[in-house]
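A.B. asks: Before I ask anything, let me first share the structure, which is written out below as structure tokens.
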């Protein structure tokens, strides 16, 4: 049976309806998106290129903790290991019941991705791209074990870095309090197993940098011996140890021979989590430099440990900003962000369910400041940080014990509005009909008011006119079942990701791709920004094929899902389509296909012996941006109606005739973009503003 090509009329085949809406035939048509704009950047500053950031002699690494990947089991988020075990008080066989569960947040949830490549590779690739996008030089990978899943996770990361078009690196950080505490004699063997990996961070002279955590577990003489043993194996290394307190640990070594300056390249502390602790760090940079050592300054967001029932008072965003101030003002050589993803200690900057992108975006600003100088503020941006109850709240669930403050700073109960302003303005925090105001100068201002039950609102005004506003995402409670002393975060520059849709990061169809280079794009769609997904640039030639895609959860009855993506095709040397979009079910069976057609190409030719319906799109112009919108809406009769249309940069909706078809209902779907090799073909594909949002709708 030949493939069905649909461009006019109506075809009914099963349980799914796809409609192209026209703009001229009297039929109803989708409403045009409200705004088309050239400006869609979510940060308060203009980011420097990654080349500029990477060329700085100052380096920034984020601590990577392998127990908490994006997904543990590739299941629907409400049913996965994070939800059922780490976040639930009853999880892990009630091991953390009296703590209210092991964690207080998780990485942003995603729909299950297809079994085309190992899902851990999909997730690791996304984490690398996220970290690379804000100027991080690499991950300081905490080596917890010398075999098993944590070791394999490191190997997969290094495997990806062999092929990813990036100079993002891994800084080896053997954990001397984990496997190597008992097996310190395997230190040299561990380094030998990894030393040839191109994805490891090296100095310009070729030395492999190793930054062991809790280095005080071994003596200075022991570290000197390890360096000599590695040199005997032909492996030149630079040791950059991380201590809990390096000056105390090495105080008796300065008069010895060799000295710490003879053995180490640099030193670092694991560091404090409070504003006062940041100020106490100041002598370390000078002491390290006087000893001929580099200083790697620690920077952390906060520290809340449900498993230990303790927390440090981070003063909203105060500790994070104070630690960055130490690194910048005391001329640190490197920075160690603690952490990228240690959810058990709540120190993560990775985009997450309760801190959102707030600390991630702040890190982008301070990384650029640290490396290149203070960036001017070019966009008004508001950030908010607050807890969802007071620190002395008694948990409603009597089985759960309250947490205690440590670190020498008393608990604080405040709501913070952190404003990045291009010009002076009036900041407002409204809660329970009470409005607090503060006149702020241009620059960075932290404005705080007392915490109280309710939902805060945040505003920026100038000359009495509203400039920016942001409704608090988190309700503050007088009492809750569980103690949650995490500082929650949000940003006016970000569009909230929809957890109901749980859009995945991009995955690859082939585990050993021949698709060419896929990288973060350096150009963006001019259409209004809808997404937090990173823009992609795919380089295409006649030797490449394969593809990639995104996954998302299906809407329930009474709701609909809006899926959008912006695309641009810069193709040369082609006369027919090598690119197609397709909607696929969980088993990756195509439900319909959408070949992309340029005006100069021959009409699409259907392939024989396939039953997959094909929808003919409008002809597109090379080098132009288009928005593709697919809306899925479950119907009362167990079918799903889909509306598909293209929009150009002027906001005009292109005009194919209505078409419908039915396919099977699924729990979740995959949207795939596939390419086929074509002789003489070269070009680029750009993808931006990929988003999936579930909204309420009226049943049809």
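A.B. asks: Just to be sure before I move on: is residue 111 touching a strand residue (DSSP E or B) at 6+ places or on another chain (Cβ under 6 Å), farther than 25 Å from residue 60 by Cβ and not in a strand (DSSP E or B) in the structure I sent?
C.D. replies: yes
A.B. asks: Touching a strand residue (DSSP E or B) at 6+ places or on another chain (Cβ under 9 Å), closer than 18 Å to residue 403 by Cβ and outside the structural domain of residue 482 (by TED's automatic domain parsing), is that true of residue 104?
C.D. replies: Numbers: touching a strand residue (DSSP E or B) at 6+ places or on another chain (Cβ under 9 Å): yes; closer than 18 Å to residue 403 by Cβ: yes; outside the structural domain of residue 482 (by TED's automatic domain parsing): yes.
Yes, satisfied.
A.B. asks: What do you reckon, is residue 314 more than 23 Å from the chain's Cα centre (by Cα) and farther than 13 Å from residue 63 by Cα? Give the steps one after another, and end with the answer.
C.D. replies: Numbers: more than 23 Å from the chain's Cα centre (by Cα): no; farther than 13 Å from residue 63 by Cα: yes.
Judged against the criteria, residue 314 is not a match.
A.B. asks: Continuing with this model, one more query. Name the one entry in 409, 388 that is part of a loop (DSSP other than H, G, I, E, B), in contact with a helix residue (DSSP H, G or I) (Cβ under 9 Å, 6 or more places away or on another chain) and surrounded by 18 or more Cβ atoms within 10 Å (Cβ to Cβ). I'd like the intermediate steps shown before the answer.
C.D. replies: Details: 388 fails: in contact with a helix residue (DSSP H, G or I) (Cβ under 9 Å, 6 or more places away or on another chain).
After ruling out the rest, the residue left standing is 409.
A.B. asks: State yes or no: is residue 82 in a helix (DSSP H, G or I) and within 18 Å of the chain's Cα centre (by Cα)? So that I can check it myself, show each step before the final result.
C.D. replies: On the way: in a helix (DSSP H, G or I): yes; within 18 Å of the chain's Cα centre (by Cα): yes.
Against the criterion (in a helix (DSSP H, G or I) and within 18 Å of the chain's Cα centre (by Cα)), residue 82 qualifies.
A.B. asks: Among the residues of the stretch 237-249, what is the count of those that are surrounded by 16 or more Cβ atoms within 10 Å (Cβ to Cβ) and part of a loop (DSSP other than H, G, I, E, B)? Spell out the reasoning first.
C.D. replies: Within the stretch 237-249, the first condition is being surrounded by 16 or more Cβ atoms within 10 Å (Cβ to Cβ), and the residues that meet it are 237-243, 246-247, 249.
Checking which are part of a loop (DSSP other than H, G, I, E, B) leaves us with 240-241.
Of the residues in the stretch 237-249, 2 are surrounded by 16 or more Cβ atoms within 10 Å (Cβ to Cβ) and part of a loop (DSSP other than H, G, I, E, B).
A.B. asks: Still on this model: Out of 252, 262, 331, which single residue is in a loop (DSSP other than H, G, I, E, B), surrounded by fewer than 23 Cβ atoms within 10 Å (Cβ to Cβ) and touching a residue at least 12 places away in the same chain (Cβ under 8 Å)? Let's see the steps before the verdict.
C.D. replies: Details: 252 fails: touching a residue at least 12 places away in the same chain (Cβ under 8 Å); 262 fails: in a loop (DSSP other than H, G, I, E, B).
Checking each option against the conditions leaves just 331.
A.B. asks: Which is surrounded by fewer than 20 Cβ atoms within 10 Å (Cβ to Cβ), more than 24 Å from residue 689 (Cβ to Cβ), out of contact with any helix residue (DSSP H, G or I) (no Cβ under 9 Å at 6 or more places or on another chain) and at pLDDT 90 or above, of 535, 603, 526, 586?
C.D. replies: Details: 535 fails: more than 24 Å from residue 689 (Cβ to Cβ); 603 fails: at pLDDT 90 or above; 526 fails: more than 24 Å from residue 689 (Cβ to Cβ).
Result: 586 is the single residue among 535, 603, 526, 586 that is surrounded by fewer than 20 Cβ atoms within 10 Å (Cβ to Cβ), more than 24 Å from residue 689 (Cβ to Cβ), out of contact with any helix residue (DSSP H, G or I) (no Cβ under 9 Å at 6 or more places or on another chain) and at pLDDT 90 or above.
A.B. asks: Separate question: For residues that are assigned to a loop (DSSP other than H, G, I, E, B) and free of Cβ contacts under 8 Å to residues at least 60 places away in the same chain, scanning just the stretch 144-163, find the one that is surrounded by the fewest Cβ atoms within 10 Å (Cβ to Cβ). So that I can check it myself, show each step before the final result.
C.D. replies: Step one: list which residues in the stretch 144-163 are assigned to a loop (DSSP other than H, G, I, E, B), which gives 144-147.
From what's left, free of Cβ contacts under 8 Å to residues at least 60 places away in the same chain: 145-147.
Numbers: 145: 17, 146: 17, 147: 8.
By that ranking, first place goes to 147.
A.B. asks: Looking at the stretch 171-185, is at least one residue in a helix (DSSP H, G or I), within 30 Å of the chain's Cα centre (by Cα) and outside the structural domain of residue 522 (by TED's automatic domain parsing)?
C.D. replies: Residues of the stretch 171-185 that are in a helix (DSSP H, G or I), as a first pass: 179-182, 184-185.
Checking which are within 30 Å of the chain's Cα centre (by Cα) leaves us with 179.
Those left that are additionally outside the structural domain of residue 522 (by TED's automatic domain parsing): 179.
Yes; the residues of the stretch 171-185 include at least one that is in a helix (DSSP H, G or I), within 30 Å of the chain's Cα centre (by Cα) and outside the structural domain of residue 522 (by TED's automatic domain parsing).
A.B. asks: Further, regarding this structure: Any residue in the stretch 175-182 that is in contact with a helix residue (DSSP H, G or I) (Cβ under 8 Å, 6 or more places away or on another chain) and at positive phi?
C.D. replies: no
A.B. asks: Among the residues of the stretch 131-143, are any more than 23 Å from residue 299 (Cβ to Cβ) and not in a helix (DSSP H, G or I)?
C.D. replies: Just the residues of the stretch 131-143 that are more than 23 Å from residue 299 (Cβ to Cβ), to begin with: none.
No - not one qualifying residue is present in the stretch 131-143.
A.B. asks: For the structure I just gave you, tell me whether residue 205 is within 14 Å of residue 233 (Cα to Cα) and outside any helix (DSSP H, G or I). Break it down into steps so the answer makes sense when it comes.
C.D. replies: On the way: within 14 Å of residue 233 (Cα to Cα): no; outside any helix (DSSP H, G or I): yes.
The answer is no for residue 205.
A.B. asks: Let me ask something else about it. When residues of the stretch 268-280 are filtered for being touching a strand residue (DSSP E or B) at 6+ places or on another chain (Cβ under 7 Å) and crowded, with 20+ Cβ neighbours inside 10 Å, how many remain?
C.D. replies: Restricting attention to the stretch 268-280, the residues satisfying the condition of being touching a strand residue (DSSP E or B) at 6+ places or on another chain (Cβ under 7 Å) are 268-271, 273-274.
Still in the list and also crowded, with 20+ Cβ neighbours inside 10 Å: 268-269, 271, 273-274.
Summing the residues that are touching a strand residue (DSSP E or B) at 6+ places or on another chain (Cβ under 7 Å) and crowded, with 20+ Cβ neighbours inside 10 Å in the stretch 268-280 gives 5.
The values are calculated or read from the model by the stated rules, or taken from the named source; none is laboratory data. This is a predicted model, so every value here is computed, not measured. Neighbour counts run over all protein chains shown; Cβ positions are idealised from the backbone, glycine included.
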